[in-house]
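Okay, so here's the structure we're looking at.
What follows draws every value from the coordinates through simple rules; no lab data is involved. Predicted model only: the values in this text are computed from it and were never measured. Cβ atoms come from the backbone with ideal geometry, glycine included; neighbour counts cover every protein chain shown.
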């Protein structure tokens with residue numbers, strides 16, 4: 001099983017019930033350095049947590065033309 005969580009706020013973003021080695025996920029294509037930074041395994045190695053940034057924690061570039069600025 002693969003869990004996706006925000007590395008900043010801890011929000012759970014999604015769960016994939018297949019293997020983390022599934023080629024569709026692309027996690028096996030990451031370098032060993034990237035895997036060490038982004039992936040965490042549980043004690044049994046059955047659950048992999050992928051640490052990403054959610055939309056709330058992702059910094060947005062400032063743009064004076066956008067309505068929310």
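At 0.36 nm per residue, minus the direct Cα-Cα distance, what do residue 44 and residue 8 gain on full extension? Give it in nm, one decimal, please. Display every interim value, and only then the final one.
Numbers: separation 36, 0.36 × 36 = 12.96 nm, distance 2.46 nm.
Full-extension gain reported as 10.5 nm.
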Item checked: Label-point gap, in nm, between residue 17 and residue 30 - each point 7 angstrom along Cα→Cβ -> 2.3 nm
Margin query: As an exercise, find the ratio Rg/Rh for the chain from alpha-carbon atoms, using the Kirkwood inverse-distance average for Rh.
Written below: 1.10
